[in-house]
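First up is the structure itself, then whatever we jot down about it.
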Amino acid sequence: MLERIIRFAIIQRWLMLALTLGLIALGAWSFGKLPIDATPDITNVQVQINTEAPGYSPLESEQRVTFPIETALAGLARLEYTRSLSRYGLSQVTVAFKDGTDIYFARQQVAERLQQARSQLPAGLEPQLGPVATGLGEIYMYTVEAAPGARKPDGSSWTPTDLRTVQDWVVRPQLRNTPGVTEVNTIGGFARQIHITPDPAKLVAFGFTLQDVVDAVARNNQNIGAGYIERNGQQYLVRVPGQVADLDALRRIVLDRRDGVPIRVADVAEVGEGPELRTGAATQNGEEIVLGTVFMLVGENSREVAQATAQRLREVSRS
């Protein structure tokens, strides 16, 4: 049998050469499609539930958030185990499923059970599912920084708040549209916020509470529709645009009227822009920067996603 194979290979040597070249080409093509990672991803099938609970101590987060969520998740199909972490202002529950479970089936089950658990959670708390990624899904990091001597159009220097604004509103939304990218996290800089800082003495003098200020701002920062009017076969929409457009509009919001005199937010509070409270920062060569981390969708080819991310980042830089 071996002699027949050898004799056939000698006689059909050009066919054998063509088959060899074909195998070489197939191997080269397959090599280009192989996912290349530093380490194999052996993470089990898991779904993470994060719940922000501002002001809750670790004990309160455990009792009032973590425990009700874990209890609601008991009995899920193909559930292996759950583990949790309760910290100040944060509850995190990780649900692990048996190997081979479809990740989207697992997330659907968890989302259904979370709907049942919402009635048992304190008002205002919203559990959120983590991204469809694993612990080894961090495939790309980049920085947002100002070039030496760079100035804004108004001539001022770029601040950490400006860099964070560019990251949140320009860079991150475009990167999230990259195929294979499931999440983009940000570290560093300051998120731009509008701060309304009431003066306790003025509140007491006017007989207001902090909740009165919060309610007044909420009532006066919304657009209201009132249907439409038909005239001569045309439809005219009736609406009241009341969304606040600038800081002065916030200052002019009326809290109450006393003897016909309006008392506005500016009479009891300072209104201005300011940075968020943060617990960390990112630096490079001693200078503060904004750091972005791209997370890959489970099951994707990390090399292809990283290359696509780099290409998209170059396009973003030009914009």
Exactly one of A53, A133, A117 is of a type in the set (A, V, I, L, M, F, W, C) and over 18 Å from the mean Cα position of the chain (by Cα), and that one is A117
Can you list residue pairs whose Cβ atoms sit under 8 Å apart, with the first residue in segment 187-206 being assigned to a helix (DSSP H, G or I) and the second being of a type in the set (A, V, I, L, M, F, W, C) and buried (at least 16 other Cβ atoms within 10 Å of the Cβ)? Count only pairs 6 or more apart in sequence or on different chains.
K202/V268; K202/A269; L203/V213; L203/V268; F206/L255; F206/I263; F206/V268
Restricting attention to segment 39-58, does a residue exist that is touching a Gly at 6+ places or on another chain (Cβ under 6 Å) and of a type in the set (A, V, I, L, M, F, W, C)?
yes
Exactly one of these conditions fails for R318: (1) in contact with a helix residue (DSSP H, G or I) (Cβ under 6 Å, 6 or more places away or on another chain); (2) without any contact (Cβ under 8 Å) to a residue 60 or more places away in the chain. Give me its number.
(1)
Hits in segment 133-155 (condition: free of Cβ contacts under 8 Å to residues at least 24 places away in the same chain and either closer than 13 Å to G299 by Cα or surrounded by 10 or more Cβ atoms within 10 Å (Cβ to Cβ) (or both)):
A146, R151, K152
I need the full set of residues from segment 44-91 which are farther than 17 Å from L125 by Cα and of a type in the set (K, R), in order please.
R78, R83
Name the one entry in T182, T178 that is buried (at least 16 other Cβ atoms within 10 Å of the Cβ), assigned to a loop (DSSP other than H, G, I, E, B) and assigned by TED's automatic domain parsing to the domain that holds Q284.
T178
Where P122 falls short, out of the listed (1) without any contact (Cβ under 8 Å) to a residue 60 or more places away in the chain; (2) under 30 Å from S57 (Cβ atoms); (3) surrounded by fewer than 17 Cβ atoms within 10 Å (Cβ to Cβ):
(1)
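The values are calculated or read from the model by the stated rules, or taken from the named source; none is laboratory data. Please read all numbers here as calculations on a predicted model, not as lab measurements. Reconstructed Cβ throughout: ideal geometry from the backbone, glycine too, with neighbour counts over all protein chains shown.
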